[in-house]
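Worksheet: the structure to be examined is printed underneath.
Here, each number is a calculation from the coordinates, and none is a lab measurement. Computed from a predicted structure; not experimentally measured. Note that we place each Cβ from the backbone using ideal geometry, even for glycine, and neighbour counts take in every protein chain shown.
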């Protein structure tokens, strides 16, 4: 039997224990909740009672540049003891965005305590990083990353270059570096130029002796007018900084520190192309170009083939406009053109050639013109529009059948094809002079063949309706088959939607990707959740589809995933649609 005094004693003991436990705190404190990617973050794990087995989080999205540092504070005030122990870390963020610092754990008096999860917002690099906890401020004054932009007010689709240079003073050095934040170049077509080896060069920077290396060269073609921002490049650098200590020979000792530097964002003002004098057939060519239409032969026989190449060469935005189309007579069988590019990119932009090659097969004897076509572009030197015409080309078909159709566009046919007109004396013979007339009798519907047919057909249709109903029920019960049929319909629908959305990048690539996925569901009989590039490759190989078609299909899928986040032109969208339709047709033909 437990007495009342024992109950009171137990209650007081439990209350004292709970109060003691409630007084223990273990929490995460950060120096700031918003910082630039070139700044440092201090994280403190603080407790008011000493513990064991401290386990920090993994700091997955940070680089630990300092710590853990341990500090203990122990004081007495008015007879009350105050205790604090802190584990401190100094972190450099690896990427932008909302990043979570996970829980740390420690064991105090046999109980495991956990900190709360803390989120920090990492933004683009800031101009003046606030880094009070970095003891080696000298690194900030001796390392500089500079972005040099060739032109700040270009025309739409005019090439500009961004060269990133790392400046290092003579008093310091760099052991290593890595990119931690790459500019995305939104609203630009971009291409990096390969740099083979880093060449150290001497220069003056703000009146002092410096060395520099060129880290990156990028060519940009603006795809929008108005004010555009070039995002900063940020690097994490291991800097060799001199200290106040010296070795036994009097030489200054160096220490290594991590330093995040940023090139800073750049703003350019893109001018629109002038409307005055803009040709109606202008498709966006900007630069200095030559234009030609070349045929592989000018004389041939019917059913032989020739190649007609529409080609633009020169310097400018070669990959970002459409070539004019050939307009050919109907007696010439013409196949879809094959697009070719031989383009190199350097600091002056794109240079080389692009072409559309048409395969032409004449069907009849005669002479056929390839009419003159023209190409217009905007010349940056004169800041005016220019037009180049190809001139008319005559294709002479020497041997073959003669086309007697008057609707053909051929210029002439060899030989005299005229014939004498034969007058027929019986040219009114189609008029009947002896009509064969029969009497009309009134027939009643009742008991006629139509009457009996109308009476019996509903009864005969009943078995047919029952069979059709059973087939429909079987079809509805075939869940898997219905999914395949639905996927086939959706593939055709989305392919049609993609064609309608040409020119609207986001809508086009969403529809094209859905079309490709539903086509695979219908043909390979797999669910969307089972999609992986390796599985698609294996299944297509099992169905005896050739390697080239498989590689082409996978590359289109990958391009759909990337294209929504990069600048894409109308020309590239047309090419992707034609490539998709062609690849689907090949797979459809080869799949077993």
Relative contact order for the stretch 19-123, counting Cα pairs under 8 Å that sit 6 or more residues apart, in percent: 34 percent
Length added when fully stretched, residue 112-residue 54, from 0.36 nm per residue minus Cα-Cα: 19.9 nm
Could you work out how far apart the two model spin labels at residue 313 and residue 276 are, taking each label as a point 7 Å from the Cα in the direction of the beta carbon, and quote it in nm? 3.5 nm
Which part of the stretch 576-592 falls in the paramagnetic zone of residue 543, meaning amide N under 12 Å from the point 7 Å along Cα-to-beta-carbon? 584-592
What is the stretch 138-270's relative contact order, in percent, from Cα pairs under 8 angstrom and six or more apart in sequence? 33 percent
Given a Förster distance of 30 Å, report the FRET efficiency between residue 238 and residue 554 from their Cβ-Cβ distance, rounded to the nearest 0.05. 0.15
Report the residues of the stretch 79-108 in range of a label on residue 229: point 7 Å along Cα→C-beta, backbone N strictly under 14 Å from it. 97
If the chain between residue 176 and residue 398 were fully stretched, how many nm would it gain, using 0.36 nm times the residue separation less the Cα-Cα distance? 72.8 nm
Sites residue 140 and residue 193, calculated FRET efficiency, Cβ-Cβ separation with R0 30 Å, nearest 0.05: 0.50
Computed from the beta carbon distance with a Förster radius of 35 Å, FRET efficiency for residue 388 and residue 299 to the nearest 0.05 stands at 0.85
Relative contact order for the stretch 286-397 using alpha-carbon pairs under 8 Å, separation at least 6, rounded to a whole percent? 33 percent
Please compute the modelled spin-label separation between residue 267 and residue 589, points set 7 Å along Cα→Cβ, answer in nm with one decimal. 5.6 nm
Put a dot 7 Å past each Cα toward the Cβ at residue 535 and residue 119; how far apart are the dots in nm? 3.2 nm
